[in-house]
Amino acid sequence: MAEIVAAGRALSLELNDSPEVHMEYIDLSPYTYYTFPLGMRNIGWLGRTHGLQSADAPPMTNADLERLRAASQRVASEMLGRHQCEWCPSHARYEGNGEYHYYAPDGEVYAAPEMILHYVTEHGYRPPEVFLESLRVSDEPAWDWRAERLATLLHDESEDLEFRAIGLIDLAHWKHPHALDALLRAARDPELADVVGDYIGRALEPFLSYDFAPDLRTEDFPELVRWGIDQAQQRR
């Protein structure tokens, strides 16, 4: 199946094919790493130039850490390049790939590297307070303009395929029939299913257990979508 994924993916989400990508941004600065359909703010993109950016802040509480873990479930925007932690010893450096996107109730979207949990637990990084506060008050997000934008874009054939697909995994943030409908339509679209079927499957996986989707069956989806569902289940 890995060969199917490699052969089937014509779009290129990767921005760099080198073994290591240097990425460092000031917390809460506008996200500019690549073009995303929604405006986002950076958190946790750490490097030697600006350091941990939270040296004077108190450590995270256990409650805040658990909220961060719970919100960091879906890796988006996985690239070819990998980033190594600049604080780990050279013989045992943690490597990360991909991002977490966090949808705050006030309409903000935060983007963090997959390495954010490593930075917090191993090196004492503390994300900005405004972000932590959004986790404290956030329940399951209501269907809003951000979700509508991603769902509408996914099926806009006038847009570039890569741009249409780049936010589809994030639709799983919304436990809502509209999100399920958008993902099912994507699974039935031959072009999308052939190129990003694994991403569709990863986004669809949580819906298999929701009460409003009792008739979903893995075997009804194309092979690449089924593989994505299986990958998501293995990551749990």
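Each residue, Leu28 and Asp106, gets one label point 7 Å from its Cα in the Cβ direction; the gap between the two is 0.9 nm. Fully extending the segment from Glu191 to Thr218 would add 7.8 nm, taking 0.36 nm per residue of separation and subtracting the current Cα-Cα distance. GNM, the chain, Cα, under 10 Å: largest mean-square fluctuation among His83, His50, His101? Ranking His83, His50, His101 by mean-square fluctuation puts His50 first. Placing unit charges on each Cβ (+1 for Lys and Arg, -1 for Asp and Glu) gives the chain a dipole about its Cα centre, and among Ser72, Leu132, Trp87 the Cα reaching farthest toward its positive end belongs to Trp87.
For the chain, the alpha carbon convex hull comes to 133 Å³ per residue, rounded to a whole number.
Each Cα pair under 8 Å and six or more residues apart adds its separation to the average, and for the chain the resulting relative contact order is 19 percent. Its Cα centre serving as origin, the stretch 162-229 has a Cβ charge dipole (Lys and Arg +1, Asp and Glu -1) of approximately 160 debye.
The charge dipole of the chain, taken about the Cα centre with unit charges on the Cβ atoms of Lys, Arg (+1) and Asp, Glu (-1), comes to about 500 debye, rounded to the nearest 20. Farthest toward the positive end of the dipole of the chain, out of Phe212, His178, Leu28, is the Cα of Leu28, where the dipole comes from beta carbon charges about the Cα centre. Shown in residue order for the stretch 32-45 are the 3J(HN,Hα) couplings computed by the Karplus curve 6.51 cos²θ - 1.76 cosθ + 1.60 at θ = phi - 60°: 9, 4, 8, 7, 10, x, 10, x, 9, 10, 7, 9, x, 8 Hz (x for Gly and Pro). So how far, in whole Å, is the C-alpha centre of the stretch 80-140 from the one of the stretch 34-53? Distance between centres, Cα-based: 9 Å.
On a 0 to 90° scale, report how tilted helix 145-154 is relative to the longest principal axis of the chain, with both axes built from alpha carbons and the result rounded to the nearest 10. Result, in degrees: 50. Looking at the chain alone, DSSP beta bridges between its own residues are antiparallel in about 75 percent of cases.
Residues whose amide H comes within less than 5 Å of that of Phe221, counting only those at least five positions distant or on another chain, are absent (H built at 1.01 Å from N in the peptide plane). Placing R0 at 35 angstrom, the Cβ-Cβ distance between Asp181 and Glu66 gives a FRET efficiency of 0.65 after rounding to 0.05. Taking 0.36 nm per residue of separation and subtracting the current Cα-Cα distance, fully stretching the chain between Cys88 and Val75 would add 2.5 nm. Helices in the chain, meaning DSSP H runs of at least 4 residues, each add -39500 (n - 2.57). Divided by all residues, the mean residue ellipticity at 222 nm is -11000 deg cm²/dmol. Judged by the ratio a/c of the largest to the smallest principal axis of the C-alpha gyration tensor, the stretch 42-96 counts as oblate, that ratio being 1.5 or greater while a/b is no larger than b/c.
A straight line joining the Cα centroids of the stretch 184-223 and the stretch 155-182 runs 12 Å. Between the amide H of Arg41 and those of Tyr31, Val109, Tyr110, Ala111, distances stay under 5 Å, these residues lying 5 or more places away or on another chain, with hydrogens modeled in the peptide plane.
The calculated FRET efficiency for the pair Arg235 and Asp144, based on their C-beta separation and a Förster distance of 35 Å, comes to about 0.85.
Considering only DSSP states other than H, G, I, E and B, which chymotrypsin sites (Phe, Trp or Tyr not before Pro) in the stretch 159-236 qualify as loop sites with at most 14 other Cβ atoms within 10 Å?
Hits after loop and neighbour filter: Tyr210, Phe212.
Using modelled backbone amide H atoms (1.01 Å from N, in-plane), which distant-in-sequence or interchain residues come within less than 5 Å of Arg82's amide H? Amide H neighbours of Arg82: Glu20, Val21.
We did not get these values from a lab; they are worked out from the coordinates using the rules stated. Everything numeric in this text was worked out from a predicted model, so none of it was measured. Here the Cβ is made from the backbone with ideal geometry for all residues, glycine too, and neighbour counts use every protein chain on show.
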